[in-house]
Each structure stands twice: as C-alpha cells, then as structure tokens.
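To keep things clear, I will list the structure first and then write my remarks on it.
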Amino acid sequence: MTAGAAPGGRASSAPLIGNDREPTLFEMSVPGRTAYQLRTTGIPVRPLAELLPAELLAESPTDIAEVSERDLVAHFTRLSHRQFSVDLGAYPLGSCTMKYNPKLCDTIAAMPGLADVHPAAPASMTQGWLELMVELEDALCEVTGMAAATLQPSAGAAGELTGLLLMAAYHEANGDRRRRVLIPDSAHGTNPASAALSGYEVTTIPTDERGLVDLAALREALDADVAGIMLTNPNTAGLFEEDIAEIAAAVHEVGGLLYYDGANLNAILGVVRPGDMGFDIIHMNLHKTFATPHGGGGPGAGPVAVSQRVVDFLPGPKPTRLEDGTFGWSTPPRSIGRVHGWHGNTLVLARALTYIKVHGGDGLRRVAERAVLNANWLRRRISEHYPAAHDRICMHEVVVTGTALKRATGVRAIDVAKRLLEEGFHSPTVYFPLIIDEALMFEPTETESLQTLEALAEALDRIAVEAHEHPDEVTAAPRTTPVRRVDEARAARTLIPTEDARV
Amino acid sequence: MPDYMPHTEAEIESMLAFLDLASIDELFDAIPKALQVTGGLAMADGAPEPDVAFEMQRIAAANRGAASRLVCFAGAGAYDHEVPSVVRALAGRGEFVTAYTPYQPEVAQGMLQAIFEFQTLISRLYGLPISNASLYDGAASVTEAINLAVASSKRQGVLLSTGVHPTWRSVVKTFARGTGHEIIEVGLVDGRTDLASVAGREDIGTVVVPQTTFLGTLDDLSAARALCDQLGAVMVVVSDPVLASVLKSPGAMGADVAVGEGQPLGTALSFGGPYLGLFACSAAQVRRLPGRLVGETLDEEGRRAYVTTLRAREQDIRREKATSNVCSNQTLMAVTAAIQLGWLGTSGLAEVAARCISSTRHLAEAVTAIDGVELLLEGVPVARDVAITTPLAGEVLLERLADEGFLGGVALSALVEEGDGSVDPALRERTIVMSATERRTADEVERFTTAMATVIR
C-alpha cells in the first residue's frame, strides 16, 4: 500500500457543533409566518363553498407548520448534519452494498425531459423514456443471462413478490398446483414473508458446516409439491453456493423453478450469470448493485428478469421496441398484471442505466473483482481478533464472529458496532445471518480505498484491545454522536409516533 | 477505463500478495469454471461521463411530452405542482440521498427526525393518529391497506370502488392472486360508489372508497361508513393529500385506514416513479401497520431521540408470519414531502388546494363552451380532476393538442379497461380527464381552449 496516505473514507473529522436537540418544524412554527411563493395565474380563486358541497369542507385548513424559508433551510441542513451517509464516509453495512453513488446519475435523473414527464403521456410523446427502459432491460438481461425483464417492481421485496407470483402463474398454466417453496435458513427475512404473501408454505433448508445449502437435506425436501427454491448466491454468509449446478438439476428434476435473490449480485457481475447457473427468475436491487442512492431507506428499484419459460407471464404493459424502430407498450399474453401504479421507479432506472453506460461490460466485471478483493483483504487483515465464520475465500462480503471476543471480554457484536461509529465508520450489519453467532457482516464495496480499509482494520484492532483492557469503554459507546444509545423499549412501550402524541 | 474505483495497479498487486493469490481470477475459484462468463459480457465498453451525459440528453430530448415542452393539463393521479428550488436543494443533500435505513439511530437522527415530522404531517392531513414512514406509492398503499383490513376483519371479501385509480386497482388484483382475497369491484353512479349493489354481502370485511374519484367527483364517505358499521367492515379511504387539507379528513369521516399518493407533495412527475405511498390508520390497527414506524424516545443521557419502533411487526423478525414483506420504503420522498409541506405551510397548502379546485372548474367551464365538448357528469361537483367528452376519440384529441403545445389530459381509453364500472361504456372512447394545478394560468387556459376548438372542428 501507499505508505502514509490518509484514508478518504474515515469520517471521524466531521465537526458536530454543540449538543443541543434540534427543535421540530412544529416547535419553530409562528402563526402567520410563510415561505411559499406561487405563480401569478390570473385565475380568480373562488370560495370553496361555491364549488363543493359545504358539508364536505373542513372548518379550517389542516395545521401544518409556519416557518420562513430561511429557517426551513437551517432546520433541514442541521438535520442533515445529524446523519451518516456514503457521501460522509465508509459504510460497510453488509448485504446493503453501500457503494459510492456517482453524482452524474443524480444530474441525469433531474434533467428536464426525464424528470418532468407525465406518466400517462401517450407513447408518441415519451419515446425517450421507452427507449431508455428497453435499453436497461436489455442490459439487465445480458448481465443476468435472462430472456426478458419487468422494470415495474419498486424494491427488492416487491420484486420477490412479483417473482413468486410469476412462479405460481407458470405452474398454474401447466395445471400444476404446488404448495411449497424452499428457503435456506440463511435467507433474508423478505424471502419467507414474500413466499407467504404469494400463498406458499415455506420449508426451511438447513446450512451445512461449509456455510452452504445442505444438499442432502435439500434432496430430502424435494417432491412434486415444491414450486421452487429461493436462493441468494453468493449467500448471506458471503459464500458462493458451489453446488449450484447440482441444486438446479435437482429442483428442475421435480418440476420446480429456481428463484435468485439478487441482493448479492455485485459479487458476480461479468463473472457468472444466474441464467447460466440455471435460475429461472431473478430480482435485482438496482440501489445496491447499480449504485442508485439508497435515500435513507428508499426509493429502490427491483426489476425481475426471467428465463424463456416464464416470459409470457411478465407484468405489463411493458416498454417494447417495435418493428419500425420506434417504441411502444405491450402486454405479455398470459401476464399476471400490473405490479406498480405506473411504470416502476423510473428515475431510479435512469440512474442505473447511466451507471451501466459509464462502466460498460468491462467495468462491471472490474466492480465485482474489486468488491471481492476488498472483502477478502479485510477478512484476512482483521482475522486475528475477528475470525471469519467460514475461513475461506469469500465473495463481496465477509461475516466474522464475535463469539470469542464476547466470551473473553463480555463485549458483544453490537458493542463493537457502536464503538466503531466513534472511529468514523458506519457499523457493519450485526446479528445477521441469524445462523451465525455474534455475526458482524462487513461489505466494504469496491469504491473504498486500501487506505480506508486499513484505517477500518486499525480501528477494529483498537476496539478489540480495548475490549480486553477496558470493556466498559466499549460498551459505553458511542459518546461522540448526536445522541447516545437510545431507549428502544421505551419507544415501543410509550408510543410517540407524532408530535401530537406527546403527553 | 472510466469508473469510480480507487485501486492502483500496485495496490491490487499488494492486496493479492497479502492474500497469497497469483491473480484476481483466483478469487472466483469457488465458482465452477464451466459456469463462468468467457469473453466478457456482450455489452459496450464503458464510456466517460461526458459521453454518457450527451447520450442521456439525446434520450431526454426524445420525450416530446415533457412538461417543459407541453403545457400540462394532465392529472389523473400525477400532478404538475410547483416544486421550488429550496425543496430541490434540501432534498438533494447527499446526507439524505446517500444514507440507508436508520439501523444505527445514533448516527441517523437526521433522517429519523425528518420522518417523525413527516408522520406528524400525514397524521394531521388524514385525521388519524398513526402514519408510517411511507410505502412505495399509492397503489402499494392501497394493496397493503387491504392486507391489513383482511387480517383485521378475518374476511376475504373486499369491496373496491371503481372510483379508485384504475391502475391501482389492477395492482390490487395482481397481488390478490397470491393472498386469495376476493376483490369485488363496484361501479359508480353519478360519480359515487354504488354501495347499494352490495347490500347484505356479509362476506365483505373491507370497504375501499375514494374521497375523490379519479374522475374528480366526491364520494359519499358517510354512506360508506354506515355500510362498514352494518357489515362490521374496516373502512379504507383513498385520499389526495392536497385536497385533504381543505376537505373533512378521512379520519373525521370515520376511516380506519387512509392511504394516498404523496407525489403532489414535492415530487416531480418523474414518468411515474419514484412516488410516495401514504399510509395512516387508527390506534387500534397499529400492530398491523405495514412498513417502518419512527417513534420518539430518550437516549441514555435523557436527551430526546428518535428510533424505528414496534419492529416486531416486520419481515426480518417475523419472516413467513409477517403480514407485509416491505423492507425499504420511499424515505427520500417522505423527507421531500416534509420539506415541501414546511415550505407551503398551513396557508400555502390550503391555497394550492383551493387553486387546484378553482382552476379546474375554470378550465372545465372554458372548454365546455366549445360546441360538442361536454362534461362526462353534468351537475356533479368535481375537485381537482374533471372528465369531458368530445366528438373525437380521446387518443386522437391528445395527439392533435400536442401539436398545438399542450398535454391535454389523459384519455380514458388508455386508463380504464373496456367494461370498467367507473364509466358509461358508450362514452369511454371519447372521454379525457383533465386537471389544472396552481401552476396553470388564465392565459394558458385560454390558448388551450382555442387550440381545442381548432382541432375538434
């Protein structure tokens, strides 16, 4: 590494002025104060009672908050200063792929011509949007090795539900009623929740000592009642399911389909494709793999791509390239119907296509290579104090276990995570996957530098040493953040979900 | 090779050496060779940002219907409202845009407090004590509301008014394939849900009605409440958040759950997404609330703090027993809505609502003065949308109006399927739905009317 270079991803220098609480918008409100300015229209505003039945009108307008534009800006700027983000520093939150979000993508998504198009405008007036969506569908199909895709689902979980309804429609069209979906015990919680909402019973498949699907248990569970299996590959332990060809053959053998949870697609871009592994249905999380910003927990986008045998069931209407080279809408012959009020989270789609165009096929492969390189470097670098749950080459993320540290010092995974905040890094994901004790899941992503990884590792080493020497220091963390550990039990017991619920 | 990765060649070599690997390909040895991509993906190589920006500008220029090119009289669930610079600037701050779900509340108080303020605002607009942190869009909100109501009433029958936006109804029916809910669509009579048509159907445990229909008319919520009382059903009201500021709130009209599309609160037309699903409910339903909920609490030094709460409802804990699979939501749009509402304030939001209602009436009066142009529903009050019939097929009319510089509305034939109970089948083809927001001027309406008179002749 380049000796002496300062890490770009460590946020510990961020200044936080003072320790006061930020008032709410409502606490700043002064009756009669205004900020808004509307266009001069020349259309007189008539009394509402002349236009609508009086009995439907409220006596007075809803009380919002009355602040000046200057105070509005100050308030939300100060709130933004109380928020960790990728822009601020490294965010190695496993399973979430918190990579750098290129600013160009935001600029494109805000462009007039894209951002100001009405969703019901006729196809003749939205040729650009239709072309963009067709091009993105083509790119996503090439990356995943699939035949066609829907761009409608708003997020990964919406994609899962869509994919499972596609699975059900496929079986139903074959006159086949199947009741069960197989899901490994390491899966994301959305998988079983989506399966239940699709009308399926869930059969849980155990993980073996390698951290992979227990092939024998899988074969045991397979029969003609199995609609399919939901797999994440690489799985949530950060490991590639190396028996995937055998798994695919066994599931297909009994007439089931394979569903790919694309949460971890970043690890395999341009290296291996779900379609080539034998998957029939896949959702992607564009906000992970294709760097569209997470927005504090959304918006995402969860397109679903499918193999040839499922194509006819895709949601519609679908953007389509017509024979004359123009673009229109078409609905697949046996479509399950709409899964979005309009066409999907389209501005997110525009960001993703921009990202894909900058990287190209060659760049996407470099993304996977460097994401995996960073995760493995970190895995080995921190292994002295934080051994990997499975000591082998991992993919884009590594799950380490704090079991030994806890036994020796009483310091838990959550304490390490909280103490890391003081060091200027966002915490890793903790206690997931559920099957790994005291799990800490790190996903550094490809956009963090070696210097940042080294600084992160040094911070983790310091915390481990401190856990042995002064465990109370670790469990007291964080102390430098805008608030310290919060009373979650109190929040649930005395629910205050709005300003008006305060006693 | 344009990208955003920091690695120098020397660093890659040193990292591989640290791992005792000879090449980067060895990182992927666990993947069977036979499955691996050979020869690279069949895609163009990467291109530098300026090249991509030019290409995306070309694509954007091909959208003739953009509101920056055509004066927008289209509504029907998506509205061309003023979004000022201050809202764009604040909502575009990287701290909000590039954060994730507030799993570590100590470093997420900014987002959490903004969501708390959003929840307060939606709770007030809908007149119900609980609002979640948002869902994907209006269609997702009504779908989740039905899931909640069916779980609560333990009856599969769902009355769904055809006054609810047609594409939302399509979404509801798609997801009902999985849940097995029986969706009973009920037509409109004079712009109101024909509740009499389901009298005595005790299999109905959920009633979904709009405060204002997608045709602009106002439904009879008192009658819907009476029906719910009679059936012991859960009342779900679909409500436009702008109109909600001047109408009696869904909660005041007896709703157990109120849902809506939050796009009018600061989100651009965006070709339909990302939008903002609004969801509020009574205290009795809070344990079934889908999505995230932020609550106020204290930190260990007694300072006010915010945190996501009642987490035991959520999919990552309940897995297959969860009543919703929602993980992410539309937090950024929720924060945007809080900022937009803060900018509008009490009087600004009410003025926007009043202008939308007044200007849509002004528009309707102007165009119906043209020979052959009539209201779809004569004598029925409308709020922010109005349906008119003309001698031309709606889709033809819109193409001709576009040539004159206007997005004249939404053709009903593109919005509702044949045989839909919301509209007289004989008139569907010739009906368009129009809207004038607070941004439309008297001059625009006058020029539009002249253009419509010309293209119809």
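The values are calculated or read from the model by the stated rules, or taken from the named source; none is laboratory data. Computed from a predicted structure; not experimentally measured. Virtual Cβ from ideal backbone geometry, glycine too; neighbours counted across all protein chains shown.
In the set B:350, B:369, B:364, only one residue is hydrophobic (A, V, I, L, M, F, W, C) and over 19 Å from residue B:442 (Cβ atoms); that residue is B:350.
Residue A:104 passes every criterion in (1) without any contact (Cβ under 8 Å) to a residue 60 or more places away in the chain; (2) surrounded by fewer than 24 Cβ atoms within 10 Å (Cβ to Cβ) apart from (1).
Scan segment A:56-70 for residues that are touching a strand residue (DSSP E or B) at 6+ places or on another chain (Cβ under 8 Å) and outside any loop (DSSP other than H, G, I, E, B) and jot them down. Correct list: A:56, A:57. Do we find that residue B:264 is in contact (Cβ under 8 Å) with a residue 60 or more places away in the chain and closer than 15 Å to residue B:130 by Cβ in this structure? Against the criterion (in contact (Cβ under 8 Å) with a residue 60 or more places away in the chain and closer than 15 Å to residue B:130 by Cβ), residue B:264 does not qualify. If residue B:243 passes every condition in (1) crowded, with 24+ Cβ neighbours inside 10 Å; (2) touching a residue at least 40 places away in the same chain (Cβ under 8 Å); (3) more than 24 Å from residue A:503 (Cβ to Cβ) but one, which one does it miss? With respect to (1) crowded, with 24+ Cβ neighbours inside 10 Å; (2) touching a residue at least 40 places away in the same chain (Cβ under 8 Å); (3) more than 24 Å from residue A:503 (Cβ to Cβ), residue B:243 is out only on (1). When segment B:401-423 is filtered for residues that are surrounded by fewer than 17 Cβ atoms within 10 Å (Cβ to Cβ) and of a type in the set (D, E, K, R), the ones remaining, listed by number, are B:403, B:404, B:417, B:418. For segment A:446-454, the condition of being in contact with a Phe, Trp or Tyr (Cβ under 7 Å, 6 or more places away or on another chain), among the aliphatic types (A, V, I, L, M) and buried (at least 21 other Cβ atoms within 10 Å of the Cβ) holds for at least one residue.
The set of residues in segment B:376-405 that are in contact (Cβ under 8 Å) with a residue 60 or more places away in the chain, of a type outside the set (S, T, N, Q) and farther than 17 Å from residue A:119 by Cβ comprises B:376, B:377, B:380, B:381, B:382, B:383, B:386, B:387, B:391, B:392, B:405. Among the residues of segment B:103-115, write down those that are facing chain A (nearest Cβ under 7 Å) and either at positive phi or of a type outside the set (Val, Ile, Thr) (or both). The answer is B:104, B:105, B:106, B:108, B:109, B:110, B:111, B:113, B:114. As for segment B:81-95, it holds at least one residue that is farther than 30 Å from residue B:403 by Cα, touching an Asp or Glu at 6+ places or on another chain (Cβ under 6 Å) and of a type in the set (A, V, I, L, M).
Taken over segment A:465-483, the criterion of being buried (at least 20 other Cβ atoms within 10 Å of the Cβ) and within 18 Å of residue A:412 (Cα to Cα) is satisfied by A:467, A:474, A:477, A:478.
Within the option set A:158, A:147, A:169, being in contact with a Phe, Trp or Tyr (Cβ under 8 Å, 6 or more places away or on another chain) and surrounded by fewer than 24 Cβ atoms within 10 Å (Cβ to Cβ) holds for one residue only, A:169. You will find that of B:37, B:52, the residue that is of a type in the set (Val, Ile, Thr), at the interface with chain A (Cβ under 7 Å from one of its Cβ atoms) and in contact with a Pro (Cβ under 9 Å, 6 or more places away or on another chain) is B:52 and no other. Scanning segment B:258-282 for residues that are under 17 Å from residue B:147 (Cα atoms) and either surrounded by fewer than 24 Cβ atoms within 10 Å (Cβ to Cβ) or under 16 Å from the mean Cα position of the chain (by Cα) (or both) yields B:258, B:259, B:260, B:277, B:278, B:279, B:280, B:282.
Residue count for segment A:407-434 under the criterion of being more than 23 Å from residue A:82 (Cβ to Cβ), surrounded by fewer than 22 Cβ atoms within 10 Å (Cβ to Cβ) and within 13 Å of chain B (Cβ to nearest Cβ): the result is 3.
The condition of being surrounded by 23 or more Cβ atoms within 10 Å (Cβ to Cβ), more than 9 Å from chain B (Cβ to nearest Cβ) and in contact (Cβ under 8 Å) with a residue 40 or more places away in the chain holds for only one of A:378, A:364, A:347, that being A:378.
Filtering segment B:1-11 to residues that are facing another protein chain (nearest Cβ under 7 Å) and surrounded by fewer than 16 Cβ atoms within 10 Å (Cβ to Cβ) leaves only B:1.
Only helices (runs of 4 or more DSSP H) whose full extent lies in segment B:342-457 are considered here, and the ones with at least 1 residues that are more than 25 Å from residue A:51 (Cα to Cα), under 27 Å from the mean Cα position of the chain (by Cα) and of a type in the set (Ser, Thr, Tyr) are B:412-415.
Quick grid of which residues meet (1) at pLDDT 95 or above; (2) facing chain A (nearest Cβ under 9 Å); (3) part of a loop (DSSP other than H, G, I, E, B):
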position	(1), (2), (3)
B:253	yes, yes, yes
B:271	yes, yes, no
B:274	yes, yes, yes
B:279	yes, no, no
B:296	yes, yes, no
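Here the helices (runs of 4 or more DSSP H) wholly within segment A:395-503 that include at least 1 residues being farther than 30 Å from residue A:185 by Cβ are A:413-422, A:450-469, A:471-475, A:488-493. Within segment B:223-242, identify whether any single residue is within 11 Å of chain A (Cβ to nearest Cβ) and among the hydroxyl-bearing types (Ser, Thr, Tyr), and answer yes or no. No, that holds for no residue. Search segment B:139-152 for residues that are among the β-branched types (Val, Ile, Thr) and pair each with any residue that is assigned to a helix (DSSP H, G or I) when their beta-carbon atoms are under 7 Å apart and the residues are at least 6 apart or on different chains. From residues that are among the β-branched types (Val, Ile, Thr), the pairs are B:142/B:168; B:142/B:172; B:143/B:171; B:143/B:172; B:143/B:175; B:146/B:172. Within segment B:413-455, work out how many residues are over 18 Å from residue B:358 (Cα atoms), among the hydrophobic types (A, V, I, L, M, F, W, C) and touching a Gly at 6+ places or on another chain (Cβ under 6 Å). Result for segment B:413-455: 1.
The listed residues are A:73, A:86, A:117, and the only one of them that is at pLDDT 95 or above, outside any loop (DSSP other than H, G, I, E, B), of a type in the set (Val, Ile, Thr) and under 34 Å from the mean Cα position of the chain (by Cα) turns out to be A:73.
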